[in-house]
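Asks: To start, I am sharing the structure in question, which I have written as structure tokens.
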Amino acid sequence: MAEAYIVDALRTPTGRRKGGLSHVHAIDLGAHVLKALVERNAIPAHEYDDVIFGCVDTIGSQAGDIARTSWLAAGLPLNVAGTTVDRQCGSSQQALHFAAQAVMSGTQDVIAVGGVQTMTQIPISAAMLAGQPYGFTTPFAESKGWQARFGDAPVNQFYAAQRIADHWGISRADMEAFALESHRRAIAATEAGYFDREIVPLEGVERDETPRQTTLEKMAELEPVDPEFPSITAAVSSQTCDASAAMLVVSEAALKRYNLTPRARIHHLSVCGDDPIWHLRAPIPATEAALKKAGMTMDQIDLVEINEAFASVVMSWLQETGYSHDKTNVNGGAIALGHPLGATGVRLMTGLLHELERRGGRFGLQTMCEGGGQANVTIIERLG
């Protein structure tokens, strides 16, 4: 089978909610990274085969196939098409999978992959609630089939985060300590300049706005997001933010045609489903299935990026896999760096690639929980 290669990866800073990127139209946010990607690489823009973007809550400024509209807003050629993927939080990781699959099938050679989300302008779950004027209280409640299978069980991320914490014996204090370490790592990485190569500044924002100088004492003062979920506070949850990210995925033929240097090879890609009421647990069975299919063990993985949707998600995964926290989210995760939904998959992969290069590691694994009880797993092999 043909191979798929990553040639470049970049992102905007993560702008905090109502922060430095909050006024940027979603299309322009996406256009910024696409324009930078094209300018940085010696491939004529009209020779790109496709643009595949992740985006969630595709209403308002995010509606209308934002992969296509961002490409056009960047002033790039009309002949290049685009499509937008919604696998909830894993949308841009799935965009990467679709691009790699297209290249590996031999049907395409050059694909711009990415994601975009403006969570200040379009709040999380806006699309979930958009049907209410039309008589749909949620996407699920009025479905006879859904009700027959799952009843009124809550499809609620806070419920799932608390349930995971309870099941794996993870206390609020444990999660707050984990969250504090995420911020510490992100601040240290920022000060050391580790993110400088991957960030494309925008609107005067040059660094991530989301990492915080905080303390366990401050975290302990926070009220739970809901009295029903006493361990789940804003401190142990990912931050809403505004951001975009993009990668260049090409075939071996494209490497030769344009004299490109590959930075990584897609070694494995897969996706796995789990119980949608548990909702956030899927990275555990997804990782097990991916390793089995790839014929690998966690001992062969040099670094892991697993999305910190909630501290309990990562902590339960660490318990089940036995993998070292010292090699997981080494420069902080979404608790500190934000979770821009549709952009997070490529943001994580961008960071994973750069850190593998910095450390000289070989294999990196990325996974994340996704709405509907799903998880993607991507394993890359650093080249060079």
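Asks: List the pair-distance distribution P(r) of segment 1-124, using every Cα-Cα distance, as the percent of pairs falling in each 10 Å bin from 0 up to the bin containing the longest distance, rounded to whole percents.
Replies: Per 10 Å bin, starting at zero, the Cα-Cα P(r) for segment 1-124 comes out as 14, 46, 32, 7, 1 percent.
Asks: Now, a different point. Rounded to the nearest 500, what is the chain's calculated 222 nm mean residue ellipticity when only DSSP H runs of at least 4 contribute -39500 (n - 2.57) each, over all residues? Can you show the working numbers first?
Replies: Details: 13 runs with 135 residues, N = 384.
Here the helix-only value at 222 nm equals -10500 deg cm²/dmol.
Asks: Please compute, for the alpha-carbon atoms of segment 211-312, the extent along each of the three principal axes and give them in descending order in Å.
Replies: Extents along the principal axes, in whole Å: 58, 31, 26.
Asks: Counting DSSP beta bridges with both partners in the chain, what percentage is antiparallel, nearest 5? Let's see the in-between values first.
Replies: Working: 38 of 54 bridges.
About 70 percent, rounded to the nearest 5.
Asks: Is there a pair in 218/327; 293/327; 292/327; 35/293; 35/256; 218/292 whose C-alpha atoms are over 32 Å apart, and which pairs would that be? Intermediate values should be presented prior to the final figure.
Replies: Values: 218/327 27 Å; 293/327 22 Å; 292/327 21 Å; 35/293 36 Å; 35/256 23 Å; 218/292 42 Å.
Among 218/327; 293/327; 292/327; 35/293; 35/256; 218/292, the Cα-Cα distance tops 32 Å for 35/293; 218/292.
Asks: Now for a different question. Between segment 305-364 and segment 76-133, how many Å separate their Cα centres?
Replies: Result: 20 Å between the Cα centres.
Asks: Please report, as a whole percent, how much of the solvent-accessible surface of the chain comes from carbon and sulfur atoms (probe radius 1.4 Å).
Replies: Details: 7640 of 15170 Å².
Roughly 50 percent of what the probe reaches on the chain is carbon or sulfur.
Asks: Assigning unit charges at the beta carbon (Lys, Arg +1; Asp, Glu -1) and nothing else, what dipole magnitude in debye, to the nearest 20, does segment 206-255 show about its Cα centre? Mind showing how you got there, number by number?
Replies: Working: 3 positive and 10 negative charges, 30 e Å.
Computed about the Cα centre, the dipole is about 140 debye.
Asks: What residues qualify as long-range amide H neighbours of residue 8, i.e. H under 5 Å apart, gap of 5 or more or another chain, H built at 1.01 Å from N?
Replies: Amide H neighbours of residue 8, under 5 Å, 5+ apart: 248.
Asks: Related question: Estimate the FRET efficiency between residue 126 and residue 298 by the formula 1/(1 + (r/R0)^6), using the beta-carbon distance for r and 41 Å for R0, to the nearest 0.05. Walk me through the numbers before you get to the answer.
Replies: Values: r = 37 Å, r/R0 = 0.91.
In this case the efficiency is close to 0.65.
Asks: In degrees from 0 to 90, rounded to the nearest 10, what is the angle of the helix 344-359 Cα long axis to the longest principal axis of the chain?
Replies: Computed tilt is about 70 degrees.
Asks: What does the highest-first list of 119-128, 295-304 look like by mean Cβ count within 10 Å? Walk me through the intermediate numbers first.
Replies: Working: 119-128: 17.4, 295-304: 15.8.
Result, highest mean Cβ count within 10 Å first: 119-128, 295-304.
Asks: Please report the antiparallel percentage of the DSSP beta bridges confined to segment 273-384, to the nearest 5. Write down the numbers at each step before the final one.
Replies: On the way: 9 of 14 bridges.
Antiparallel bridges: around 65 percent, rounded to the nearest 5.
Asks: At a probe size of 1.4 Å, how large is the accessible area of residue 228, to the nearest 10 Å²?
Replies: Roll a 1.4 Å probe over it and residue 228 shows about 140 Å².
Asks: Right, next: Is the chain rounded, prolate or oblate when judged by the Cα gyration tensor, a ≥ b ≥ c being the square roots of its eigenvalues, rounded requiring a/c under 1.5 and prolate requiring a/b larger than b/c? Could you put the intermediate results ahead of the total?
Replies: On the way: a/c = 1.41, a/b = 1.28, b/c = 1.10.
Cα axes put the chain in the rounded bin.
Asks: Another question, if that's okay. Just to be sure I understand: with springs between alpha-carbon atoms less than 10 Å apart, which residue in 25, 279, 354 has the highest mean-square fluctuation in the Gaussian network model of the chain?
Replies: Result: 25 has the largest fluctuation of those listed.
The values are calculated or read from the model by the stated rules, or taken from the named source; none is laboratory data. Everything numeric in this text was worked out from a predicted model, so none of it was measured. For neighbour counting, all protein chains shown are included, and Cβ atoms are generated from backbone atoms with ideal geometry for every residue, glycine included. Surface areas here come from the heavy atoms of the whole protein model, side chains and all, with no ligands, DNA or RNA. Shrake-Rupley method; radii C 1.70, N 1.55, O 1.52, S 1.80 Å.
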